[in-house]
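In what follows, a single structure is set out as structure tokens and then discussed.
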Amino acid sequence: MKPTEIARVQAYLRRILGSDRITLIAPPRAGLTVEVAVEGEVIGTVHRDDEEGEVSYAVTLSILEEDLPPAPAAAPAPRGRK
């Protein structure tokens, strides 16, 4: 993606998600993936698709199990009637 595209997609994501903490990080070399970060922590990628002249952008978010809050304790199973 070109720098102008990255800036436009970043502005769009910030607007629709309501946060200026979102940053798109350009890859060090052409052809590599653009990363999506929130306050410096990479949370996903952006892929550009150009099919028959129609351009679209797909955002993929990656959530690691270790980053999730602990799962709530399981509720005891209901007891049957006697």
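Note that the range 65-77 has calculated 3J(HN,Hα) couplings of 3, 5, 8, 6, x, x, 5, x, 5, 5, 6, x, 5 Hz, one per residue in order, obtained from phi through the Karplus relation 6.51 cos²θ - 1.76 cosθ + 1.60 (θ = phi - 60°); glycine and proline are x. Loop-located GluC sites (Glu not before Pro) in the chain (DSSP state other than H, G, I, E, B) with a sparse environment of at most 14 neighbouring Cβ atoms within 10 Å: E39, E52.
Under 17 Å from a point 7 Å along the Cα-to-Cβ line of L32: which residues of the range 46-82 have their amide N that close? Counting only backbone N, you get 46-48.
Under the 0.36 nm per residue contour assumption, what length would be gained going from the current alpha-carbon distance of E39 and I25 to full extension?
3.9 nm
If the Kirkwood radius is taken over C-alpha pairs of the chain, then at 20 °C and 1.002 mPa s the Stokes-Einstein diffusion coefficient equals 139 µm²/s.
Bear in mind that the values in this text are calculations on the coordinates, not laboratory data. Because the structure is predicted, anything quoted here is derived from the model rather than measured. In this analysis, Cβ positions are derived from the backbone assuming ideal geometry, glycine residues included, and neighbour counts consider all displayed protein chains.
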